[in-house]
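Input: a single structure, listed below in structure tokens.
The values are calculated or read from the model by the stated rules, or taken from the named source; none is laboratory data. This is a predicted model, so every value here is computed, not measured. Glycine gets a Cβ as well: all are built from the backbone with ideal geometry, and neighbour counts include every protein chain shown. Heads up: the accessible areas ignore ligands, DNA and RNA and are worked out on the full protein's heavy atoms, side chains in. Shrake-Rupley method; radii C 1.70, N 1.55, O 1.52, S 1.80 Å.
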Amino acid sequence: MKRTLLLYVVLAVAFATAVPPAVAGVWTGKEVTKEGVVHELNTATPSDGNATLTPREAWRAGGDDEDDALFGVLSSVAVDDQDNVYVLDMQLSQVNVFDKSGKLVRTIGHEGEGPGEFRRANIMFLMPDGNVAVLQQMPGKIVVITPDGKPGADFHGPGGKDGGMIAYMDGGRASTEKSLMLVGADGQTRATLFAARAQQDMGSMMNLDEKEMRGVVWAGGKDGRVYVSDNFDAYTINVYSPEGKLERVIEREYTHRPRTKEEMEESKPHVTMRAGNGQRLQPTIKSSATDRDVLRILPRDDGSLWVLSSRGGNGQPQGTLASYDVFDGKGHFVRTVTFKLPINARQDEFHIARDHVVVVKSARSARDAFMAEGDETKADEDVEPVSLVAYRFDAPATAKN
């Protein structure tokens, strides 16, 4: 079988010319046009320095209290204009809705295949009309539910009801394709923002590479723009118009964050295969020696773009949650925002939505137990109950233009 390998070679060149430090309020990057597309080339230093935020606790839910809600694996969080917090439970296949005081007012959605039902969905977002959209991967569809729990019209992209993740076997070879597409309400593809195809024989499927397995990091803005980071080893974000046209590329000078041996082991994707006789197979996965440069992308309502890099999200000192890079509406690196909030980085996960930080306590143990379901050698009997802690913060003003 013929395979094509893409090799990326980085040459480091040292220059003797000193680079003056950035002056507050003055952007020191460059704007160039390549093949008709504007590239914002940012330096490593923000023009307006760093802002430190200390979120204040608003409410808690779940945990050891028998009267509290019981959670499975909480994978996605959204906040509406009335400060109601929506939390997707991918294990229980439901969305928990909390009011601004932290009271669980209802759960919406159910496990199944009917209207308003889904299975193992891990992404949720709020639509412009206020409805809740839950993304199910296999088979691929978006399940629409009204805020009070009534089923809406399910949305199927290209491929109809059989769409989603596709893998097929041909003569002992497996072929998979990953795509990020902009699809209209009529189900027709407007643009393909990212596509990657891989073909492997059964032998190579037992030796996988983390970089090839990871997908893209992307987010949609309120104005319809889509932000995509499709390169594991580059701090580069492609900005697409609502019609799917590449209109801007945001780049930032960046040094990869090296991983420890322990981090390399922990970063391996969870993959288990089964042979025809039902035997469980565990592929060997090559883990990257460095983190992915861009971990999360967060478009804000004020037109700014917040980006969580590997150095801002991993290996933070005690008492620091994360540091986000903030870009204005032009793609200029204007500041960093550091959240001071103590969490257990090995167990807890966090989500930022609007002016909320929602921390999921014991999230990683719950996720590991869920992924090891049916495998007694990996199941953890001492998993702490999952709980939620919601915080509020006041974001610094960032000019859109």
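Here are the numbers for the structure shown:
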| quantity | calculated |
| --- | --- |
| Which numbered condition Thr336 fails, given (1) open to solvent by less than 30 Å² (accessible area, probe 1.4 Å); (2) in contact (Cβ under 8 Å) with a residue 40 or more places away in the chain; (3) over 24 Å from Val216 (Cβ atoms); (4) of a type outside the set (Asp, Glu) | (3) |
| Members of the range 385-401 that are modelled with pLDDT of 80 or more, in a loop (DSSP other than H, G, I, E, B) and of a type in the set (D, E, K, R) | Asp394 |
| Residue satisfying condition, being closer than 23 Å to Val326 by Cβ, at pLDDT below 95 and among the hydrophobic types (A, V, I, L, M, F, W, C), within set Val216, Val239, Val271, Val228 | Val216 |
| Given (1) of a type in the set (A, V, I, L, M); (2) buried (at least 19 other Cβ atoms within 10 Å of the Cβ); (3) over 19 Å from the mean Cα position of the chain (by Cα), index of the condition Ala363 fails | (3) |
| Hits in the range 109-124 - residues which are under 26 Å from Trp218 (Cβ atoms) and touching a Leu at 6+ places or on another chain (Cβ under 8 Å) | Ala121, Asn122, Ile123, Met124 |
| The range 205-224, subset part of a loop (DSSP other than H, G, I, E, B) and farther than 14 Å from Leu180 by Cα, residue most open to solvent (accessible area, probe 1.4 Å) | Lys222 |
| Scope the range 283-324; condition closer than 22 Å to Ile343 by Cα, outside any loop (DSSP other than H, G, I, E, B) and open to solvent by 50 Å² or more (accessible area, probe 1.4 Å); matching residues | Leu295, Arg296, Arg311 |
| Pairs, first open to solvent by 10 Å² or more (accessible area, probe 1.4 Å) in the range 127-144, second of a type in the set (Ser, Thr, Tyr) and part of a loop (DSSP other than H, G, I, E, B), C-beta under 9 Å, six or more apart | Gly130/Thr146; Asn131/Thr146 |
| Verdict on Gly184 being under 30 Å from Arg106 (Cα atoms), of a type outside the set (S, T, N, Q) and modelled with pLDDT of 70 or more | no |
| Index of the failed condition, Ala133 passing every other in (1) in a loop (DSSP other than H, G, I, E, B); (2) at pLDDT 70 or above | (1) |
| Residue within the range 17-34 that is polar (S, T, N, Q) and modelled with pLDDT under 95 present | yes |
| Selected residue (only one of Asp64, Asp80 is surrounded by fewer than 19 Cβ atoms within 10 Å (Cβ to Cβ) and more than 24 Å from the chain's Cα centre (by Cα)) | Asp64 |
| Meets criteria (more than 22 Å from Phe339 (Cβ to Cβ), in a loop (DSSP other than H, G, I, E, B) and basic (Lys, Arg)) for Arg120 | yes |
